[in-house]
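Since the structure comes first, as structure tokens, the remarks are kept for the end.
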């Protein structure tokens, strides 16, 4: 199966969108039901060319009684039932519609509830990152999945950010690159020390993390070269805590989904690296109750293929592995290059392609993608 990712506003108000997607050569659309803030190009829409999305929003009708402490915001830039309108239009041309559900990445709720966000070892909050160590956050994610399934009635469920977000985030006017932090520093700055996470670590962990980050900002040769080296004797316990956060959240969401829609396919955006943070949560031991495990393939194709192979090794019999393929810059709008990437990912174990992004890509890029899919077949 090939899946094109799409926003509701790419379809609502554009009667040509469903046909364009159907002609692309995909069988399903991953339609955003819950998504973070963004500034998106809309190169095909008859009414606009750029859409500013100032905060995270839920694209289905919000039933106040269904929520607890955390309640998602409704959009003002598109109808409150935009997901439903887009779903119906896409299904009318024979496409499956899977609910693309972003979980802990939510700057609107994080800003309003700073006690529930990820905090690094220095106490700095990441307002875009809800920390799943808090029961309120897990409960919010459960209710989000429940509402998506009950109101949205999708053909499948796609879970993104099913774990803690980390340091990396493309926020407005990002000004962090000049600090020259190493990949180890980024991993250390992604460890959460909020009021719920801190007690789970050995008592001296925070001091060790701060010291390791500070060492790397000097010219001293003692700066750690791996996160395991930086954490030393704390490594196993800290890693176990980090993995458990994603595991607990994932298991509860999968259980919720199975209870509401037992036969609905579940797709996880996942990373076999136990230290992973962000949209692709750590999955070092696999997840047998998911139907599809999708790995990010936005970097060097050789490195992406290694990640895919590791995820394939974790998969169970009958479980599919997908490649999340970037079709936007810096990828060229070249069908031969894209087809070569698809072949590399298929050889590494991918049996389906998740294509980002059918609403943001230019006509030239969509044409190249459609031809690449044909060449790969």
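Since every read-out is calculated from the coordinates, none of them should be taken as a lab result. As the structure is a prediction and not an experimental result, all values here were calculated from the model. Every residue, glycine as well, gets a Cβ built from its backbone with ideal geometry; the counts of neighbours run over all protein chains shown.
According to the square roots a ≥ b ≥ c of the eigenvalues of the Cα gyration tensor, what is the shape class of region 118-274, taking rounded for a/c under 1.5, prolate for a/b larger than b/c otherwise, and oblate for the remainder? Cα axes put region 118-274 in the prolate bin. Helix 235-260 axis versus longest C-alpha principal axis of the chain: approximately 30°, rounded to the nearest ten.
Relative to the dominant Cα principal axis of the chain, helix 363-376 is inclined by about 90°. Cα centroids of region 143-222 and region 355-377: how far apart, whole angstrom? One Cα centre to the other: 32 Å. Scaling the Cα radius of gyration of region 195-270 by the globular reference 2.2 N^0.38 Å produces a ratio of 1.58. Ordered by the count of other Cβ atoms within 10 Å of each Cβ, fewest first, 165, 1 give 1, 165. According to the calculation over all Cα-Cα pairs in region 217-325, the P(r) per 10 Å bin from zero is 13, 38, 31, 13, 4, 1 %.
Structural size metrics of region 310-357, computed from C-alpha coordinates, are Rg and Dmax of 11.8, 35 Å.
The long axis of helix 335-347 is offset from the longest Cα principal axis of the chain by roughly 60 degrees.
For region 70-121, what percent of Cα pairs sit more than 17 Å apart? When every Cα pair of region 70-121 is considered, 55 percent fall beyond 17 Å.
Averaging the Cα positions of each part gives two centres, and for region 1-49 and region 238-280 these lie 26 Å apart.
Mean projected area of the Cα convex hull of region 46-156, taken over all directions, amounts to 8.4 nm². Kirkwood radius, region 91-158, all distinct C-alpha pairs, inverse of mean reciprocal distance: 13.4 Å. In plain terms, the bigger the Kirkwood radius, the slower the diffusion; for region 1-101, with that radius from Cα pairs, at 25 °C and 0.890 mPa s, Stokes-Einstein puts D at 175 µm²/s. Exposure proxy shown here: for 136, 185, 291, the number of other Cβ atoms within 10 Å sets the order, fewest to most, as 291, 136, 185. Considering every Cα-Cα pair within region 276-347, what fraction, in whole percent, is farther apart than 16 Å? Result for the distance tail: 49 percent. Exposure proxy ranking for 67, 9, 298, 275, based on other Cβ atoms within 10 angstrom of each Cβ and starting from the fewest, stands as 298, 67, 275, 9. The equivalent ellipsoid that matches the C-alpha gyration tensor of region 11-52 spans semi-axes of 19, 15, 8 angstrom, in descending order. Rounded to the nearest 500, the helix-only mean residue ellipticity at 222 nm of the chain stands at -11000 deg cm²/dmol, with each DSSP H run of n ≥ 4 adding -39,500 (n - 2.57). Sort all Cα-Cα distances of the chain into consecutive 10 angstrom bins from zero, then give the percent of pairs in each bin up to the one containing the longest distance. The percentages, shortest bin first, are 5, 24, 33, 26, 10, 2, 0.
Semi-axes of the equivalent ellipsoid of region 330-373 are 18, 11, 8 Å, computed as sqrt(5λ) over the eigenvalues of the C-alpha gyration tensor in descending order.
If both residues of a DSSP beta bridge must be in the chain, then about 20% of such bridges are antiparallel.
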